[in-house]
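Chemist: Quick one: structure below, then a few questions.
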Protein chains: 2
Amino acid sequence: MGDRPILHEYAASGNCYKVRLTAALLDCPIERREYDIVQGETRTPDFLANVNANGRIPVLQVGDRFLPESNAACFWLADGTHLVPYDRFERADMLHWMFFEQYNHEPNVATLRFWMKWIGADNLSDAQRTQLPLKQAAGVAALKLMNEHLAAREWLAGQDLSLADIALYAYTHVAEEGGLFALSDYPAVQRWIARVEAEPGYVRMG
Amino acid sequence: MGDRPILHEYAASGNCYKVRLTAALLDCPIERREYDIVQGETRTPDFLANVNANGRIPVLQVGDRFLPESNAACFWLADGTHLVPYDRFERADMLHWMFFEQYNHEPNVATLRFWMKWIGADNLSDAQRTQLPLKQAAGVAALKLMNEHLAAREWLAGQDLSLADIALYAYTHVAEEGGLFALSDYPAVQRWIARVEAEPGYVRMG
């Protein structure tokens with residue numbers, strides 16, 4: 001290989017930030033290539049044919065191979081390092097929280113941040129307006145579940161910070177930006193956010 | 001450990017079937033414990049306190065530890081076996097398809113099957129009715145993406161059947177049950193379904 005992995009990304013996206021935070025905590029240099037998702041730059045024929053047929057970022061390019069899905073890109077970077085638990089059950093439990101993130105957390109907490117901050121409350125479609133209260137309730141449920149789990153432990157899976165924490169930190173720490181979630185309702189989550197931000201090598205979003 | 005893992009499940013659920021199919025292909029005996037999700041048996045205080053605070057099945061119990069999320073349970077069963085590629089990139093690429101399954105495929109293909117077959121078209125809520133065409137379009141996009149990918153290769157990730165195929169097979173092979181998707185539109189997917197079903201140890205859903 002030799003060459004650095006290339007992250008095809010959009011800097012304001014929490015999914016892209018996960019990959020950069022993982023690389024930073026591992027002190028692994030990556031190259032960044034920016035696309036404007038709002039301008040449709042990940043839906044061009046060239047992007048669909050050569051980077052990701054799913055039209056989404058992030059995509060991690062390793063040599064001439066392309067890896068879509070933020071959590072899979074994090075796993076490639078961290079496989080065999082201290083960010084993936086060595087114990088078989090804990091490793092699967094880390095993945096449990098990463099699948100929870102993509103199923104229960106991101107479609108609610110991240111999507112509402114995008115709707116409220118990028119699209120704007122006044123510009124939502126009827127379908128979006130109908131879904132808003134459902135997504136808000138589901139986002140609250142996800143944050144509440146994390147808060148209860150973190151009340152008794154420092155990290156989501158295993159004994160140390162893992163990819164589970166990185167995956168869920170990304171959109172949790174900016175959950176208030178859409179104006180629909182209050183992190184003060186989740187004090188154990190707030191303490192966990194502070195622990196993530198105290199990690200050596202931590203980098204901010206953006 | 002010694003004892004068999006216990007699968008807390010609902011037999012008609014594709015997410016639960018993934019775990020049973022993985023165990024069957026690995027010839028790994030598991031015990032099954034059935035819950036009626038329609039009767040709310042996974043939302044009781046006892047279930048929430050002792051099995052899964054998220055109120056969902058499947059949950060794989062390993063000794064006195066509980067592992068929610070179907071794809072994480074499959075990973076625990078298959079970790080270190082031929083169902084998880086040995087190559088680092090291919091292993092991450094398998095996870096790429098498993099995250100795709102939970103984000104792009106299951107919430108559309110599986111949810112519409114549940115809505116149309118269990119709830120029934122006439123009993124859908126207004127919010128569900130609004131989302132139906134969006135979910136149908138997203139489900140078609142997911143099946144189309146799989147079909148294009150599988151036109152040129154036998155398995156989703158790596159050179160052999162992996163957990164990526166098991167995860168996506170579960171709801172794809174019953175996608176027609178809701179009446180909203182036609183598998184004949186996806187001939188490469190149909191050929192891949194036949195390959196999965198020809199695997200030694202394959203078991204049917206249910």
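Chemist: How far is A:GLU176 from the same spot in each other copy, in nm, shortest first, if each label point sits 7 Å from Cα toward Cβ?
Modeler: 5.3
Chemist: Taking the Cα-to-Cβ direction at A:ARG129 and at A:ARG32 and moving 7 Å from each Cα, how far apart do the two end points lie in nm?
Modeler: Between A:ARG129 and A:ARG32, the label points sit 3.7 nm apart.
Chemist: Taking a quarter of the surface of the Cα convex hull of the range B:6-78, what do you get in nm²?
Modeler: For the range B:6-78, averaging the hull's shadow over all directions gives 4.4 nm².
Chemist: At 37 °C and 0.692 mPa s, grab the translational diffusion coefficient of chain B from Stokes-Einstein with a Kirkwood Rh over Cα pairs, rounded to a whole number in µm² per second.
Modeler: 186 µm²/s
Chemist: Please report, for B:ASP3, the nm distances (one decimal) from its label point, 7 Å out from Cα along the beta-carbon direction, to the equivalent points in the remaining copies, shortest first.
Modeler: Here B:ASP3 shows inter-copy label distances of 5.3 nm.
Chemist: Whole-Å semi-axes of the protein assembly as shown's equivalent ellipsoid, largest first, each the root of 5 times a Cα gyration tensor eigenvalue?
Modeler: Working through the eigenvalues yields semi-axes of 28, 25, 25 Å.
Chemist: Which distance in Å, rounded to a whole number, links the C-alpha centroids of the range B:52-131 and the range A:75-128?
Modeler: Cα centroid of the range B:52-131 versus Cα centroid of the range A:75-128: 14 Å apart.
Chemist: Something else now. In the range A:119-206, what trypsin sites (Lys or Arg not before Pro) fall in a loop by DSSP, with at most 15 other Cβ atoms inside 10 Å?
Modeler: A:ARG153, A:ARG204
Chemist: For peptide B:72-82, how many partner chain Cβ atoms fall within 10 Å of a residue's Cβ, on average?
Modeler: 4
Chemist: Got the A:PRO187 label distances to the other copies yet, label 7 Å along Cα→Cβ, in nm, shortest first?
Modeler: In nanometres, ordered from closest: 6.4.
Every number in this text was worked out from the coordinates using simple rules, so none of it is lab data. From a predicted model like this one, the values you see are computed outputs, not experimental measurements. Every residue, glycine as well, gets a Cβ built from its backbone with ideal geometry; the counts of neighbours run over all protein chains shown.
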